[in-house]
């Protein structure tokens with residue numbers, strides 16, 4: 001074989017070898033995941049104009065509907081939550097928690113859960129005590145009754161305002177901000193639904209919601225203080241309050257405060273204790289449904305609430321008498337009386 005022929009054969013073999021390597025690289029590129037790009041779970045979705053960013057959600061069953069069990073304790077919805085595979089924490093579901101993630105009450109939990117952070121922020125809350133601050137820990141995984149939420153912020157209070165309370169913290173928009181949230185108080189089950197596929201059946205009554213700049217849900221209701229006229233009031237929803245109803249005392253009120261109401265310790269907020277007057281009103285009307293002889297707290301507005309446009313607060317001891325569907329994306333609340341609807345209010 002001539003030298004030119006040998007040279008041509010060598011060049012041909014090199015070309016074939018290069019083509020084979022290229023095919024192998026292309027095949028690997030098609031079948032292997034690039035590190036760091038698998039950040040969306042199969043269940044993540046976008047439903048249009050949501051009020052919050054959608055968290056990354058993952059569960060073992062990959063179902064369209066995800067169920068979370070809860071306990072109803074002191075008329076509060078309490079969820080079992082783990083942070084990065086920690087022990088179960090006792091966390092209150094709170095419509096007043098506008099940011100995704102978790103707010104923990106006890107700063108000692110930072111060491112127990114091996115969390116650290118340097119970003120310090122002001123936390124606004126009810127009460128007359130000291131100003132509350134929290135540190136922020138980013139990118140924790142929250143597991144709520146077996147449903148995982150990835151890349152969630154955790155904020156940890158740095159004062160002792162809430163230390164010693166029976167619960168470890170609150171959670172809110174992680175659930176409400178990117179799901180339709182169905183709360184079944186008969187079965188103590190929360191179901192998370194895809195907003196893009198949700199369609200309520202006609203057995204549910206629709207109540208329109210509005211939201212302020214803090215993403216707090218508001219609705220219109222009617223109250224009768226003494227059993228005579230009905231007064232149109234604007235209430236915001238606070239699932240974390242165990243009261244039935246709170247009407248705010250301020251210079252300009254739509255209602256007349258009843259005479260001779262006793263003072264009472266109402267509870268504790270992030271900024272300290274809340275004291276107000278206490279009594280009962282004749283009725284509270286939500287949609288077409290009327291609750292009678294409703295225990296009502298009358299705290300001062302500047303102590304209890306920073307929502308200046310509100311006449312009062314609709315709380316969980318009233319709401320638990322309905323099964324509820326919160327659809328923040330469409331600004332709707334669906335209500336249906338449940339087995340607790342006719343129970344008398346038993347409140348000290």
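Sort 96-105, 227-236, 201-210 by the packing proxy (mean of other Cβ within 10 Å over each peptide's residues), most packed first.
For the peptides 96-105, 227-236, 201-210, the packing ranking is 96-105, 227-236, 201-210.
Want the number for residue 212 to residue 133: 0.36 nm per residue separation, take away the alpha-carbon distance, what's left?
Fully extending the segment from residue 212 to residue 133 adds 26.2 nm.
Expected output is a single nm value to one decimal: the length gained when fully extending between residue 203 and residue 234, i.e. 0.36 nm times separation in residues minus the C-alpha distance. What is it?
On the way: separation 31, 0.36 × 31 = 11.16 nm, distance 2.50 nm.
Result for the pair: 8.7 nm of gain on full extension.
Suppose the chain between residue 111 and residue 309 were pulled fully straight at 0.36 nm per residue; how much longer would it get relative to their current alpha carbon spacing?
So the chain would gain 67.3 nm between residue 111 and residue 309.
Could you work out the mean projected area of the convex hull around the alpha carbons of the stretch 205-337, in square nanometres to one decimal?
Mean orientational projected area (the stretch 205-337, Cα hull): 7.8 nm².
Label 7 Å along Cα→Cβ of residue 184; the stretch 292-334 residues with amide nitrogen under 15 Å?
322-326
Please work out the FRET efficiency for the pair residue 151 and residue 72, using the Cβ-Cβ distance as r and a Förster radius of 30 Å; give the result to the nearest 0.05.
Numbers: r = 30 Å, r/R0 = 0.99.
It comes out at approximately 0.50.
For a quick check: sort 69, 241 by the number of other beta carbons within 10 angstrom, fewest at the front. Please report the intermediate quantities before stating the final value.
Values: 69 13, 241 29.
Ranking 69, 241 by Cβ neighbours within 10 Å, fewest first, gives 69, 241.
Between residue 288 and residue 253, how many nm apart are label points set 7 Å from Cα along the C-beta direction?
Using points 7 Å along Cα→Cβ, the separation is 3.2 nm.
None of the figures in this text is laboratory data; all of them are computed from the coordinates on show. All of these numbers come straight from a predicted model, not from anything done at the bench. For neighbour counting, all protein chains shown are included, and Cβ atoms are generated from backbone atoms with ideal geometry for every residue, glycine included.
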